[in-house]
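Have a look at the structure below, then the notes.
Quick note: the coordinates plus some simple rules give every number you see, no bench work behind them. Everything numeric here is computed off the predicted structure, so don't read it as measured data. No Cβ is skipped: glycine too gets one built from the backbone with ideal geometry, and neighbour counts run over all protein chains shown.
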Amino acid sequence: MSSMTKMWISFASMGFMFFSILIIYLSRYKFSSKLLKFFTALIAYFFMFIGGLTMIYIVFSGPTG
């Protein structure tokens, strides 16, 4: 995998993590419905999980040759 591809994948994973922070903020402080809070938090934790997995993959795949 080229270094540019790794760069774009890492940017996408950081974007997923940032997006999940925004959704968690909305879930905790802006929504009043328990059901809406649950589903938005579930989506946010899913994005955080995917972002973390892709970041771990990029870090442990090593430098490009």
Net charge within 13 Å of Ile23 by Cβ-Cβ distance, Lys/Arg positive one each and Asp/Glu negative one each, not counting Ile23 itself? +3
Below 15 angstrom from the Cβ of Leu42, what's the summed charge of the other residues (Lys, Arg +1; Asp, Glu -1)? +3
